[in-house]
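The values are calculated or read from the model by the stated rules, or taken from the named source; none is laboratory data. Remember, predicted model here, so these are calculated numbers, not experimental data. Here the Cβ is made from the backbone with ideal geometry for all residues, glycine too, and neighbour counts use every protein chain on show.
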Amino acid sequence: MAQTGNLSFSISHTTRSPRSGEVDGVDYYFVSVKEFQKMRSAELFLESAEVHGNFYGTSRPEVMKKLAEGLDIILDIDVQGAAIIIQDKEVPAVSVFIAPPSLVELEKRLRGRDTDSNETIELRLQNAATEMQAAVDYDYLVINDTIESAASTLLAVIIAERCRGHRLPTGEPVILTIANEN
């Protein structure tokens, strides 16, 4: 995100407990199940889903405000939420599936974080094996082999999509003028 302008990250709402070092309003908006369900009933989410036993949702007002400001928005969502966003014609979406190099590497990373129980890690690995089958439904696939390589590939996707939409790599609109020679 530091390499390009006019880009914003959408902070999701979740009912899970914060991990060590996570800050409310920065990493997630941490809410109770009751508050989450109230927001869902009020249709305040573009998408919401239960993932790994917790609820997650993307704020509709926040995303629509940022889109109106001309920003591109990065949503970090699972395949359930992505399917909802892809079908929502109100939101111009480009889908990017970010996959680990392998399930073995994913397990190594999850265990290396030392933030989840063995039970949670096993659930995440089972879900990942199923979710990876959905990669074929996305516009782009990025393999998260190294952070540098994955970030570079994602930046290339963002720039390509901006150019396809007749915008500069920075996200600013391009206005072509043709001089009248008469």
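On the stretch given as segment 87-115, residues that are closer than 28 Å to residue 161 by Cβ and more than 12 Å from the chain's Cα centre (by Cα) total 13.
Could you please let me know if residue 156 is at pLDDT 95 or above, of a type outside the set (D, E, K, R) and either assigned to a helix (DSSP H, G or I) or within 16 Å of residue 94 (Cα to Cα) (or both)?
Yes: the conditions hold for residue 156.
Scanning segment 55-85 for residues that are over 20 Å from residue 98 (Cβ atoms) and not in a loop (DSSP other than H, G, I, E, B) turns up 55, 59, 60, 61, 62, 64, 65, 66, 67, 68. Count of segment 1-54 residues, restricted to those that are polar (S, T, N, Q), within 26 Å of residue 67 (Cα to Cα) and outside any helix (DSSP H, G or I), is 9.
If a residue has to be farther than 21 Å from residue 81 by Cα, surrounded by 13 or more Cβ atoms within 10 Å (Cβ to Cβ) and modelled with pLDDT of 90 or more to count, how many in segment 112-124 make the cut? Adding up the residues that qualify gives 1. With (1) touching a Leu at 6+ places or on another chain (Cβ under 8 Å); (2) in a strand (DSSP E or B) as the list, and residue 91 as the residue in question, which single condition is left unmet? (2) is the only condition that residue 91 fails.
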